[in-house]
Structure formats: C-alpha cells, structure tokens
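Notes follow once the structure below has been shown.
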Amino acid sequence: MTKTKITHSKDYKSEVLNDYYIANLSRQLSLLGRREVLTGKAKFGIFGDGKEIPQLAMAKVFQKGDWRSGYYRDQTFMLAAGMMEPEEFFAQLYGDTNPENSPANGGRLMNNHFATRSLDKNGQWKNLMEQKNSSADISPTAGQMPRLVGLALASKLFKENTELHHLETYTNKGNEVAFGTIGDSSTSEGHFWEAINAAGVMQVPMAISVWDDGWGISVPNKYQTTKQNISEVLSGFENNEKGKGFKILKAKAWDYAHLVEIYKEGIAHCRKEHNPVLFHITEVTQPQGHSTSGSHERYKSEDRLKWEKDFDGIFRMKIWLLEDGIATTDELDEIETKAVKRAKEAKKSAWKANLNPIKKERDEFLDIANIATCQCSKTPQIDKIKKDLAILGEPLRKDIISSARKILRLVCDHCSDPEHSLKANVLLWLNKQMAENEQRYNSFLHSQTREAATLIKEIPATYSDQSKFAPGREILRDNWDVIYKNNPLVVAFGEDVGKIGGVNQTYEGLQEKYGETRIFDTGIREATIIGQGLGLALRGFRPVAEIQYFDYLLYGLQVMSDDIATTLYRTNGGQKAPIIISTRGHRLEGIWHSGSPLSMVINSIRGIHICVPRNMTQAAGFYNTLLASDEPALVIEPLNAYRLKERMPDNLGEFRVPIGKPEILREGKDISLVTYGSCVRIAEDAVEQLTSYGIDVELIDVQTLLPFDTSGVIGRSLNKTNKVLFFDEDVPGGATAFMMQKVLEEQKGFFSLDAEPRTLTAKDHRASYGTDGDYFSNPNAEDVFEAIYNMMHEVNPTRFPKIF
Ligand SMILES: Cc1ncc(C[n+]2csc(CCOP(=O)(O)OP(=O)(O)O)c2C)c(N)n1
Ligand SMILES: [Mg+2]
C-alpha cells in the first residue's frame with residue numbers, strides 16, 4: 001500500500017525536529033548519566049529513558065504560571081519545557097552544591113529530583129506567572145500526589161474568589177493547570193487514590209499523567225493494579241451523565257502524533273473547564289532498567305526486552321518521521337549527532353564546574369598545612385596524609401576536611417608565634433571551611449529571612465475594664481474573624497470546618513461571612529487535607545489545614561515529614577510552604593482521642609514549628625505570629641479548654657505569642673516544673689497543693705516544643721532551683737526526654753543539678769477510656785505532687801519526711 005504524502009509547514013517541521021532533538025538529547029543524558037555512576041563520578045542515578053516522547057507532548061501545553069508535581073522520570077519534560085539545562089542535569093547527578101549550577105536543590109538530593117525556584121535570593125516571592133513552575137520532587141512513591149491536589153485547588157480558589165484577581169504575580173484569574181506525573185506502580189499507593197478522589201470531588205484543574213511501563217522496579221503490574229490497567233479501574237471516575245469526574249485519555253508512549261493531539265485536547269479542556277484529566281500512557285519502556293542499582297535483565301524476559309527495543313519511543317518516532325516524509329535520514333542523523341555532542345559538552349563542563357572549586361580548596365589547604373613552620377610535628381605522618389590527599393584526582397570535600405582534622409592532632413601551637421602557628425593556620429582554615437559547608441549542607445532548615453517565625457516580635461494581649469470573659473473557642477473565633485477580614489489569602493479547611501464552623505465551633509459563622517472559597521469542608525482525607533494546604537502555600541496562599549484530632553495526624557504525617565518539613569531545606573531556599581496545620585489534642589478520652597503523642601512529631605517534622613498552647617488566647621496569639629512569618633507550623637489546641645472562660649483580648653488579630661520562648665507562669669525557688677499544653681492546668685493544681693506543704697515551685701510553660709526554649713529560660717531557672725521535673729502526657733522517653741536533653745545537655749543544666757532530674761509521663765500504653773481510664777493512664781496532679789515531694793525528700797528528708 002502506498003502512503004499518501006502529507007505536506008507539512010516549515011514551522012511544523014522545525015517544531016517536530018526540535019522535539020526529536022530534545023528526545024535524543026535526553027536519551028544521551030540518560031546513557032551518559034548511567035556511565036558517570038558506574039565509573040564512580042556520581043553516587044546514584046535514576047533516569048528518564050523510555051519516557052521521552054509523551055513528555056515532549058506534555059511540555060508543549062505547559063504554560064508560564066502552570067505547575068508540575070511529578071517524579072524522577074520527568075527529565076525530558078524538564079528539558080523540553082526549558083525548565084532544566086543539560087548542565088543542570090549533570091550538576092544534580094554529581095551533587096554540585098553551587099546554587100548557580102544546581103538551582104533545584106544545591107546538591108541536596110539525588111539526581112532527577114526537579115524543582116524551580118519560587119523565591120529570590122532574599123527569600124521573597126518571584127513573579128510566578130513569568131516562569132514555568134515545578135514543585136520540588138520527593139522520593140517516596142506517590143508523595144507528589146497530595147501536594148498536586150493543592151496546586152490545582154489554588155487555581156480554583158484564585159478563579160472563584162474575585163478578591164484575588166489582582167494578584168497577577170501568582171495567577172491569571174486561576175487559569176493555571178497543575179500537571180502531575182506518576183509511575184504505574186505508584187498508583188497502588190493510598191495517596192494516589194485519595195488525591196484522585198479529592199480532585200474529582202472538588203473539580204480542580206489537575207492533569208495527571210501515568211507513565212505506564214508495566215513495572216515497579218522488578219514487580220510487574222499484575223501485582224500492582226487490579227485488571228492490570230489503571231484507566232480501566234478508574235473508569236468509574238469518568239465524566240458521564242451522572243456527574244462530573246475526570247476526563248480520561250489514553251495513548252501509547254511511542255505514538256508522538258497521537259500524544260500531541262491528546263495533550264492539546266486534554267489540557268485545553270482542563271484549563272477551560274477546571275475538570276481534572278487523567279492521561280494513561282501505556283507501552284512505555286525503560287531501556288536501562290530502573291536505576292543504577294541493578295539491571296533489568298534479572299527480571300524481564302527475553303521477549304519483553306526485545307519488545308522494549310522494538311517499541312522504543314525514539315526509534316518509533318524516527319520511523320514515523322521518515323515514513324511521513326517529515327525528514328530524511330541525513331537530517332535525522334545530523335540531529336542525533338548534535339544531541340550526542342551537546343550531551344557530552346554538558347557533561348564535561350558540569351564536571352569541571354563541580355570539581356574545580358573542590359580541587360582549589362584542596363590545593364589551598366595543602367599550601368596552608370606547610371609543616372616547615374612546626375619543628376616538633378609528627379612530620380612523616382603529616383606527610384603521608386598530605387600526599388594521600390594530593391594524589392586524589394577527584395577529591396571530595398570529605399577527603400580534605402578529614403585530612404585537616406587528622407593533621408590538627410599531629411601539630412603543636414608553640415613552635416612559632418601561637419597566633420601564626422601551623423595549628424592556628426589549619427584551624428582558621430578549617431573553621432572557615434566548616435562554616436561554608438554548613439551553608440552548603442545544613443542551611444535552610446528554617447527561614448533565613450526577616451519573616452522567620454523566631455524573629456516575629458511578641459505583642460502582648462491587651463485588656464481594658466470592658467474586657468469580658470468568654471469561652472476559649474470564642475476567642476479563637478473572634479481572632480479568626482479579624483484575620484479573615486485583613487488577609488484574603490488566608491483560607492481554612494478540614495472536616496466539619498465549613499458549615500458548622502468546626503467541631504468546637506472555632507469558625508462559627510465565618511463561612512457565612514467570608515464565603516466557601518475561604519472556609520470550607522473537606523472529605524475525611526488527612527493526607528490530602530495537608531497536601532492541599534501545602535500546594536496552596538506553594539502558590540502564595542496562607543492555608544490553615546485542620547486535622548480534627550491530633551491522634552489522626554498520623555494519616556497526614558508522611559506529607560508533613562517528607563514534604564512540608566523539607567521544602568525549604570531540599571530546595572536550598574528556593575521554595576517555602578508556610579502552611580499552618582491546626583489540630584487539637586492534649587487529653588480527651590481513650591486511645592484515639594488522648595491527643596498526647598508529641599514524640600510522634602518532634603522527631604519527624606524538624607523544619608516545622610510545633611506550638612503547644614495551654615489555652616485559646618495563647619493559641620490565637622500563635623496564629624497571629626505564624627501568619628506574620630513565612631514558615632510552616634503545627635498548632636495543637638488544648639482540647640479541654642474550648643469551653644473554659646478566658647478574658648477576651650482587645651487587640652484580637654494583633655497580639656502575638658513568641659515562638660521558642662517559654663513563659664514562667666509562677667516564680668519559685670525550690671524546683672523547676674517544666675510542662676506544656678493541657679498539662680499546665682494539672683501542674684497548677686499540683687503547685688497549689690505543694691505550696692501548702694511549703695514547696696515553692698517555679699512553673700514553666702514551654703509554649704513551643706520546636707523550637708525549644710531558644711534563649712535558655714529553663715536553664716536559668718534550673719540554675720536557681722537546682723532541681724527539675726519534666727512533665728507531660730506523652731510516653732516515657734518521649735517529649736519529656738527531648739526536653740531533658742535540651743536543658744541538661746544543650747543548656748548545660750547538668751551543672752546546676754542538686755537532685756536527680758526526673759520525667760513524669762503517661763504510661764507506655766495508650767490512654768484508657770473514661771475519667772478513670774485517664775486517671776490511671778495519664779499523669780495527674782497527685783502524681784506531680786508526689787514526684788516533686790519525693791524529690792524534695794531526697795534533698796531534705798528531715799523537712800520533707802516520706803509520705804508513703
Ligand atoms: C514509599 C516508597 N516505597 C518504595 C520506594 C522504592 N521505590 C522507588 S521507585 C519504585 C518503583 C516505582 O515504580 P513506578 O511507579 O511504576 O515508576 P517507574 O520507576 O516504573 O517509572 C520503588 C518501589 C519509594 N521510593 N517510596
Ligand atoms: Mg513503572
């Protein structure tokens with residue numbers, strides 16, 4: 001059969017040939033990248049080979065202002081969309097820490113973890129509409145999904161809330177699409193399903209592509225997906241006469257022309273209708289196997305390997321280009337050669353850019369470590385260290401610093417003028433290097449701007465003669481009211497938050513007043529409640545994501561720990577996520593409403609502040625502080641204080657409780673009692689009982705667990721009382737042990753102790769139900785009394801004889 005020859009315009013031809021070039025360039029990067037790992041120049045590699053062609057199609061419809069939330073296979077998309085240069089690809093592979101070379105993460109993440117920079121050098125928002133945006137990838141499979149929901153939801157809120165239409169550096173009236181990508185096997189994760197359902201329910205412009213290569217490392221899709229076909233099982237989500245769900249489109253990964261067509265159709269629809277779209281891209285291949293950790297020959301059959309060769313997307317595109325008469329063999333050969341050359345050049349220059357500064361540091365160090373200035377030095381040993389370092393062709397910073405630290409042990413500081421001795425010189429150099437390495441590898445856990453939460457100044461709550469007493473929940477509600485009035489970017493959402501204003505009525509009446517684009521209900525889906533907050537925060541909103549009870553935070557903890565807590569750090573200051581996660585805890589009833597597992601968070605969400613207010617005035621003050629800052633935080637409201645009366649401050653929305661500053665609630669000279677949250681009231685009860693026994697307790701509310709007492713208030717208290725009890729409702733060895741380490745080790749409280757330091761906690765098991773269950777599971781005022789009394793007895797048995 002003879003094929004009819006179609007004539008193509010010049011523009012079409014050059015666009016298609018440019019795509020062919022990008023596909024080849026990307027493939028060359030994958031091939032070279034793997035070799036760099038195998039020859040030891042890079043630690044680990046995971047690449048985008050086999051997934052090139054659909055990503056060209058996706059890049060065509062990705063506009064400035066749009067967002068991506070994807071995974072490590074998207075290298076071709078990043079190149080085609082102009083969001084990554086080949087040099088940057090290699091810089092990431094090598095772990096180059098220079099932000100100019102490696103803008104996505106400054107060497108902090110393994111390769112192909114993509115990100116664009118939303119913040120300028122001063123940590124301030126750039127114009128997000130002038131650039132194409134990619135949220136920062138994480139490694140956990142499907143971890144990109146919760147965040148994707150929020151990135152898409154932002155467009156919906158920007159569109160529907162006309163008050164935000166003037167924010168032209170964030171949005172064009174909500175016209176932006178959030179593109180997601182995911183591997184076929186990762187769709188097995190709960191996050192995928194939760195996110196798909198949430199997007200379908202909310203009808204947001206989310207366009208998710210599944211790169212279906214039939215495998216998750218060595219596990220084929222018969223173990224991953226029901227009916228081995230994700231679009232088939234998702235068909236119940238499809239738009240039909242019963243309602244709106246998803247538009248689902250399918251194409252084969254080697255069919256360039258069809259892919260271009262479906263992406264145009266799908267994204268135009270998504271952008272216009274705000275109807276989510278799912279692209280199921282099948283027959284994807286993986287020519288080099290999963291990653292540099294192993295070879296796919298181990299688990300793929302001969303037939304499959306042969307099929308992957310035959311259906312390689314680039315190979316198929318070439319056949320199509322020739323058969324359709326778009327290009328000649330010579331033209332394509334030339335393009336392929338150009339791609340090979342470009343990739344090699346990029347590799348070479350990226351390697352030089354990465355290595356040369358390190359070599360320079362090494363040479364500088366070898367110069368400084370000149371033994372001639374020290375006669376008593378252990379010269380042969382030093383010589384050996386220096387020689388070993390000098391011959392390294394590709395030194396690492398570790399090699400240099402470790403040599404310097406070893407040499408320091410072998411030299412004195414008295415042979416020459418101590419200020420210019422070998423020891424002093426090496427030490428000076430080492431300190432400078434360590435400071436630079438701190439910036440390279442340890443900076444940006446927290447904001448480095450003037451809006452850092454710890455820099456937001458305290459503003460005390462003010463009261464007048466007219467200030468009335470009101471239930472705590474009303475203080476929160478009225479404080480939110482002022483916040484919502486003043487800042488249209490603040491939104492709150494969660495289970496039961498919208499219509500009824502929260503299970504404890506802290507948003508009572510506010511949805512009616514500010515509308516459903518500001519305060520709204522969600523499904524029961526903690527991971528994507530937090531994820532949608534994260535996505536909104538990345539796009540400039542100030543979201544307050546509500547988790548109904550602290551014990552249910554576990555469902556969303558992965559998003560907090562892997563994603564939010566690392567956003568600023570893993571982008572080397574390129575993106576921020578100032579979300580507030582608001583929940584309630586600290587003693588209610590039983591296993592899943594005890595609200596006490598603080599150690600669940602203190603070690604897993606470093607990078608997020610943790611506020612543990614004792615009452616609602618403090619809670620409101622934290623919200624005010626946090627909204628003035630540019631950092632994420634978890635606020636745990638004390639569950640049993642919503643109905644307790646507190647004085648209503650006059651300066652609602654304005655007063656601010658400082659982050660990292662404990663409050664001494666009662667001064668005392670005998671012992672420091674350190675606690676937080678609802679335990680403060682129990683402590684107050686105990687303190688009163690102790691006072692009648694002549695024991696003068698200094699009661700301290702830590703207020704925030706992360707950061708913990710940044711100015712050493714507790715250490716100073718201990719210096720005065722010489723005794724300390726850390727008290728909370730967490731498990732033994734939990735948050736109390738954390739506080740103890742901070743005070744005794746970091747604040748050097750150990751040297752102030754006259755008595756053994758103690759912790760008082762709940763039992764190892766979760767709390768039992770009811771008032772009695774609580775009494776026998778959690779520490780109570782009698783326990784605090786006895787713990788403190790016994791400590792006093794140990795110090796002074798005569799004055800404080802044993803009670804029992
Ligand atoms: C939560 C989690 N579990 C396991 C892994 C290890 N892992 C990395 S990639 C991968 C397979 C992913 O397969 P698929 O989603 O099909 O993507 P592909 O690599 O095939 O493109 C696994 C199991 C991980 N990164 N995160
Ligand atoms: Mg796969």
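Worth a mention:
- Residues of the stretch 201-243 that turn out to be in a loop (DSSP other than H, G, I, E, B), under 31 Å from the mean Cα position of the chain (by Cα) and either among the aliphatic types (A, V, I, L, M) or over 23 Å from Leu259 (Cα atoms) (or both), as a count: 7
- Any strands (runs of 3 or more DSSP E) falling wholly within the stretch 700-779 and containing at least 2 residues that are within 30 Å of Tyr552 (Cα to Cα) and open to solvent by 10 Å² or more (accessible area, probe 1.4 Å): 758-760
- In the stretch 452-471, of all residues being open to solvent by 80 Å² or more (accessible area, probe 1.4 Å) and among the hydrophobic types (A, V, I, L, M, F, W, C), the one that is nearest to Arg656 (Cα to Cα) corresponds to Leu455.
- Residue list for the stretch 433-454, restricted to those being free of Cβ contacts under 8 Å to residues at least 60 places away in the same chain and in a helix (DSSP H, G or I): Met434, Ala435, Glu436, Asn437, Glu438, Gln439
- Gln92 meets all of the listed conditions (1) touching a Ser or Thr at 6+ places or on another chain (Cβ under 6 Å); (2) within 21 Å of Thr292 (Cα to Cα); (3) within 16 Å of ligand 1 (Cβ to nearest atom) but one, namely (3).
- Number of positions in the stretch 288-337 that are in a helix (DSSP H, G or I) and either in contact with a strand residue (DSSP E or B) (Cβ under 6 Å, 6 or more places away or on another chain) or closer than 18 Å to Gly183 by Cα (or both): 3
- Just one residue in the set Asp551, Asp562 is within 27 Å of Ser139 (Cα to Cα), surrounded by fewer than 24 Cβ atoms within 10 Å (Cβ to Cβ) and modelled with pLDDT under 95; that residue is Asp551.
- Condition check for Asp74: touching a Phe, Trp or Tyr at 6+ places or on another chain (Cβ under 9 Å), within 16 Å of ligand 1 (Cβ to nearest atom) and among the acidic types (Asp, Glu): yes
- Restricting attention to the stretch 780-804, the residues that are among the hydrophobic types (A, V, I, L, M, F, W, C), part of a helix (DSSP H, G or I) and open to solvent by 50 Å² or more (accessible area, probe 1.4 Å) total 1.
- Some residue of the stretch 267-283 being part of a loop (DSSP other than H, G, I, E, B), within 16 Å of ligand 1 (Cβ to nearest atom) and in contact (Cβ under 8 Å) with a residue 24 or more places away in the chain: yes
- Looking only at the stretch 161-199, residues that are within 16 Å of ligand 1 (Cβ to nearest atom), in a strand (DSSP E or B) and among the small types (Gly, Ala, Ser) come to 2 in all.
- In the stretch 250-261, residue farthest from Trp320 (Cα to Cα) [restricted to those that are surrounded by 21 or more Cβ atoms within 10 Å (Cβ to Cβ) and hydrophobic (A, V, I, L, M, F, W, C)]: Ala251
- Residue within the stretch 474-494 that is assigned to a helix (DSSP H, G or I) and polar (S, T, N, Q) present: yes
- When the test is whether a residue is under 30 Å from Thr225 (Cα atoms), more than 16 Å from ligand 2 (Cβ to nearest atom), open to solvent by less than 10 Å² (accessible area, probe 1.4 Å) and out of contact with any Ser or Thr (no Cβ under 7 Å at 6 or more places or on another chain), Ile182 does not pass it.
- The residues listed here are Thr675, Thr704; of these, the one that is within 27 Å of Glu451 (Cα to Cα) and either at pLDDT below 95 or among the hydroxyl-bearing types (Ser, Thr, Tyr) (or both) is Thr704.
- Of all residues in the stretch 284-301, those being open to solvent by 30 Å² or more (accessible area, probe 1.4 Å), among the hydroxyl-bearing types (Ser, Thr, Tyr) and either closer than 21 Å to His113 by Cβ or in contact (Cβ under 8 Å) with a residue 40 or more places away in the chain (or both) number 2.
- Scoring Asp74 on the criteria (1) in contact (Cβ under 8 Å) with a residue 60 or more places away in the chain; (2) touching a Ser or Thr at 6+ places or on another chain (Cβ under 8 Å); (3) over 30 Å from Lys272 (Cα atoms) leaves a single failure, condition (3).
The values are calculated or read from the model by the stated rules, or taken from the named source; none is laboratory data. Note that the structure is a prediction, hence the values are computed from the model and not measured. A quick note on method: Cβ atoms are made from the backbone with ideal geometry, for glycine too, and the neighbour counts reach across all protein chains shown. Just the protein is used for accessible areas: all its heavy atoms, side chains included, with ligands, DNA and RNA removed. Shrake-Rupley method; radii C 1.70, N 1.55, O 1.52, S 1.80 Å.
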